[in-house]
Amino acid sequence: MLAIIVTMGIGAIAAHQTDFIDLSPAFAKIPFLEGLVKKPVETSEELLNSPIEEENKKLREEKNEIASKITVLEEEKTKLMEQVTELQTEITTLKADKGTQETVALNTQELANYYREMKPEAVVKIMDNLDDETILMILPLLDKKQSSKIIALMDPQRAALITQLLLAQKS
């Protein structure tokens, strides 16, 4: 009996090495023959559904989602950069305007200083040749007594207009 088992064992080992054996369940339970039982080959469908493949599929999907999010974010970044450029241009323009306004204010203040030293009759002759906007900038810088004398010496229609503009400017 021992000889039969040994012969079957050797035969089983030889068959397993050449993949010709299909041990019956009875022989598969013998401890030294358990490892020799032929295992079924996984099909390609089973391989595709393996946990690693499932994880790879999920990772590919996540990668695609991240790539689309990156694309959207890059588009938003481009739009924001355009807005930044527009705002920087606007800031530059506003700074230039502010500089111009400061220069005008300084020049107006300097003119007001000159007109303070002049007689009202001379100032009226000069203001007859100035535009209303310039007069509206200079008159408030003079003292009230001198401003009132200058307005009184102006042509009545122009004096009325300047007075209305001064009132509108204060409101």
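With respect to Ile13, is the statement that it is of a type in the set (A, V, I, L, M), at pLDDT below 65 and not assigned by TED's automatic domain parsing to the domain that holds Thr134 true?
yes
Pick out the one residue from Lys145, Lys125, Lys95 that is free of Cβ contacts under 8 Å to residues at least 40 places away in the same chain and outside the structural domain of Gln169 (by TED's automatic domain parsing).
Criteria check complete, one pass: Lys95.
Examine the stretch 133-154 for a residue that is hydroxyl-bearing (Ser, Thr, Tyr) and more than 53 Å from the chain's Cα centre (by Cα), and state whether such a residue exists.
yes
The values are calculated or read from the model by the stated rules, or taken from the named source; none is laboratory data. In this text, all values refer to a predicted model and were calculated from it rather than measured experimentally. For neighbour counting, all protein chains shown are included, and Cβ atoms are generated from backbone atoms with ideal geometry for every residue, glycine included.
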